[in-house]
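The values are calculated or read from the model by the stated rules, or taken from the named source; none is laboratory data. Being a predicted model, the structure only gives us computed values, none of them experimental. Cβ placement follows ideal geometry from the backbone for every residue including glycine, while neighbour counts extend to all protein chains displayed. Quick note on the areas: whole protein, heavy atoms, side chains included, nothing else; ligands and nucleic acids left out. Shrake-Rupley method; radii C 1.70, N 1.55, O 1.52, S 1.80 Å.
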Amino acid sequence: MLEAYNIFIGVGIRSGLNEEYMAAKQNNRIVTTLEPETAPQIQVRHQQKPDKDWKPVVEELVRASENLRRGSPVQNAAFALLRDSARVVQSAVQQTDNLEEIWRSKQQVQKALKRLQTVLDRAEQ
């Protein structure tokens, strides 16, 4: 009456399940018991600040990247990508709780990356 079957999970499903797990883990949504009386109280973990204060280093990276201009079209696009990437790090270091600002900075990086790709696609080999 009962028969076992092997189930194979493809790469796409596996990566999707892994991403769901990582999101649940990052947001403390992993349930370890179904019995409420034995369940530990859920404590929201606050991310610990890194041992090193990265703000001065990141500020210097942002300042240095602001001065990188005037080159070939490929260099200019790459410099823009570097500037926008440095600004994402700056947002993440200075405003760790402001995900909206970090998200906006990330979108600028995507635009810069697309711009670089366009310039590279236009380049004659």
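Any chance you could give the angle, 0 to 90 degrees and rounded to 10, that helix 11-26 forms with the longest Cα principal axis of the chain?
It works out to around 90 degrees.
Applying 1/(1 + (r/R0)^6) with R0 = 35 Å to the Cβ-Cβ distance of ARG122 and LEU17, what FRET efficiency is obtained, to the nearest 0.05?
0.35
Between (i) 40, 30, 25; (ii) 72, 41, 22; (iii) 47, 36, 24, which entry matches Cα extents along the principal axes in Å as derived from the coordinates of this structure?
(ii)
How far is helix 99-122 tilted off the main Cα axis of the chain, in degrees rounded to 10, range 0 to 90?
The helix 99-122 is inclined about 60 degrees to the chain.
Can you flag which of LYS25/LYS106; LYS25/LYS111; LYS52/LYS106; LYS52/LYS114 are past 28 Å Cα-Cα?
Long pairs (Cα-Cα over 28 Å): LYS25/LYS111; LYS52/LYS114.
Leaving out same-chain residues fewer than 8 places away, which lysines sit with a Cα under 17 Å from that of LYS55?
Once the sequence-local lysines are set aside, nothing remains near LYS55.
Quick one: which of 9-15, 53-59 comes out on top by average Cβ neighbours within 10 Å, and what's the full order, highest first?
Averaged packing, sorted descending, gives the order 53-59, 9-15.
Let me have the relative contact order for the chain, percent, based on Cα pairs under 8 Å that are six or more residues apart.
Reported as a whole number, the value is 19 percent.
Okay, helix-only estimate at 222 nm for the chain: each DSSP H run of n ≥ 4 adds -39500 (n - 2.57), divide by all residues, round to 500 deg cm²/dmol; what do you get?
-20000 deg cm²/dmol
Express the carbon and sulfur contribution to the solvent-accessible surface of the chain as a percent, rounded to the nearest whole number, probe 1.4 angstrom.
The C+S portion of the solvent-accessible surface of the chain is 55 percent.
Hey, with R₀ at 35 Å, roughly what FRET efficiency would THR32 and TRP103 work out to, going by the Cβ-Cβ distance, to 0.05?
Step by step, r from the Cβ atoms, then E = 0.70.
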